[in-house]
Amino acid sequence: MTAARQQRKSALAIGLALGIGIFGAIFVPPAIGANPSDPIVINALTGLAISGFDPVAYFSEAKPKMGSPDVELRLDGAVWRFQNVGNRAAFAAHPEVYMPRFGGYDPVAIARGTSVEGHPLIWVVIAERLYLFYDAEARAAFLAEPRAILDRATRKWPAVARAIDR
């Protein structure tokens, strides 16, 4: 590998680790952690949070990975699955860090005053928080103005959360 290519590869890896990827630098102030009383997107048939995807993998592997039924943790009325016991331990120690913000509901919808479940394959990590989106259009809207959307969603979340049928 040439030195120039190695530098580009290193810069891309650092950018991805910082949550900026190909979208360029996005400054968003650190998000508030998850509140244990917040509603969480849970499959009514299985009890799984975020469809069984490992919430820690979004951070450690920078991509969604399915968790295993052999490595689960019950928390806040949901079953969380993990790829390995290390990820489960990390989550158990700091669930507020790894849980999707707004309980897995789409922040763009919340900013509009409504609740729409996010999809675990349409996501982004910004300011060390995981956000799930209903569709690619909502994700693109979020990335276009993350600070404004997060400000509106944070203000509206208490009312939206109270309205979610638990």
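The values are calculated or read from the model by the stated rules, or taken from the named source; none is laboratory data. Predicted model only: the values in this text are computed from it and were never measured. Note: ideal-geometry Cβ built from the backbone for every residue, glycine included; neighbour counts use all protein chains shown.
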Open item on the list: So, in region 80-117, exactly how many residues are charged (D, E, K, R) and part of a loop (DSSP other than H, G, I, E, B)?
Closed with: 2
TODO: From (1) touching an Asp or Glu at 6+ places or on another chain (Cβ under 6 Å); (2) at pLDDT below 55, pick out the condition that doesn't hold for V28.
DONE: (1)
Task: Residue, surrounded by the most Cβ atoms within 10 Å (Cβ to Cβ), within region 97-138, restricted to residues that are acidic (D, E) and modelled with pLDDT of 95 or more - done: D106
Task: Scan of region 36-70 for residues that are over 19 Å from L121 (Cβ atoms) and either of a type in the set (D, E, K, R) or touching a Pro at 6+ places or on another chain (Cβ under 6 Å) (or both), ordered by number - done: D38, D70
Task: Residue pairs meeting the criteria (Cβ under 6 Å; at least 6 apart or on separate chains; first closer than 18 Å to G52 by Cβ, in region 81-104; second part of a helix (DSSP H, G or I) and among the basic types (K, R)) - done: F82/R88
- [ ] Could you tell me which residue of region 31-43 is farthest from A163 (Cα to Cα), considering only residues that are modelled with pLDDT of 85 or more and buried (at least 16 other Cβ atoms within 10 Å of the Cβ)?
- [x] I42
Task: Test for L150: is it modelled with pLDDT of 95 or more, in contact with a Pro (Cβ under 7 Å, 6 or more places away or on another chain) and closer than 19 Å to N43 by Cα - done: no
Task: Residue in region 53-67 that is outside any loop (DSSP other than H, G, I, E, B), in contact with an Asp or Glu (Cβ under 6 Å, 6 or more places away or on another chain) and at pLDDT 95 or above present - done: no
- [ ] Identify all residues within region 113-153 that are out of contact with any Gly (no Cβ under 8 Å at 6 or more places or on another chain) and at positive phi; write none if there are none.
- [x] G113
- [ ] Could you list, in sequence order, all residues of region 69-96 that are of a type outside the set (D, E), within 19 Å of I42 (Cβ to Cβ) and surrounded by fewer than 16 Cβ atoms within 10 Å (Cβ to Cβ)?
- [x] P69, R74, L75, G77, A92
Open item on the list: So, R147, is that one part of a helix (DSSP H, G or I), surrounded by fewer than 17 Cβ atoms within 10 Å (Cβ to Cβ) and not hydrophobic (A, V, I, L, M, F, W, C) or not?
Closed with: yes
Task: Selection count, region 44-68, where residues are of a type in the set (S, T, N, Q), in contact with a strand residue (DSSP E or B) (Cβ under 8 Å, 6 or more places away or on another chain) and surrounded by fewer than 18 Cβ atoms within 10 Å (Cβ to Cβ) - done: 2
TODO: Filter region 35-52 down to residues that are in a strand (DSSP E or B) and under 13 Å from the mean Cα position of the chain (by Cα), then give me how many there are.
DONE: 1
